[in-house]
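Below is one structure, written out as C-alpha cells; comments come after it.
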Amino acid sequence: DLNKIVPALTAALKAEKLITLTDVAGVLEKDENGNDKLIPVLDIEVEPKASELARFEEGIKTWIKLCKKHYGTYPIIYTMPNFDKKYLPFCSKYKKWYAGRINENAILSKTVMWQVAIKPVPGISGNADWDFCPKIRKIKK
C-alpha cells in the first residue's frame with residue numbers, strides 16, 4: 001500500500017510507481033492481445049477530511065485512469081462497505097474487494113472478494129488475510 005509508505009505522493013506518482021515496480025520486477029505476463037494480465041488493486045481506507053473531498057475524488061480518478069491506460073483493465077477497489085457507501089459513490093462501476101464483516105445483502109454483483117478474517121495459517125509466521133470469493137467467476141475488464 002503506497003499510502004502507508006509515502007502518503008505525500010500524488011495519485012499520478014503513485015500510479016507511476018506501481019507501473020514501474022511491476023514492469024521492472026517482470027511479474028506481468030501478456031495475454032493473447034499483448035496486454036498485461038495484472039489487475040491492479042486500489043486500497044482506499046483512509047477517511048478524507050471534509051475540506052479535501054474534491055481532491056480525494058480527483059486523485060482516485062487519476063490513479064484509475066492511469067492504471068487503466070497502462071494495464072488495459074480497471075482496478076479492483078479494496079475498501080470497507082460503509083466507507084465505499086459514504087466516500088466512493090463515484091466508484092460504483094468498479095469491482096470491489098471488501099475488508100471486514102459484511103452481511104449477506106452487502107455481497108453485490110460488483111463484489112469479487114471479501115476479506116473475512118486475519119488469522120494464523122499453517123506454514124506462515126504471524127497472521128494472514130483470509131479472503132472469500134462470493135461467486136467464483138472470471139473477473140472481466
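No value in this document is a laboratory result; all are computed from the given coordinates. A quick note: this is a predicted structure, and the numbers were derived from the prediction, not measured. Virtual Cβ from ideal backbone geometry, glycine too; neighbours counted across all protein chains shown.
Can you work out the FRET efficiency for the pair residue 45 and residue 69, with r the C-beta to C-beta distance and R0 = 22 Å, to the nearest 0.05? Given R0 = 22 Å and the Cβ-Cβ separation, E is 0.35. Net length available on complete extension from residue 92 to residue 22 is 22.6 nm, with 0.36 nm assigned per residue and the Cα-Cα distance removed.
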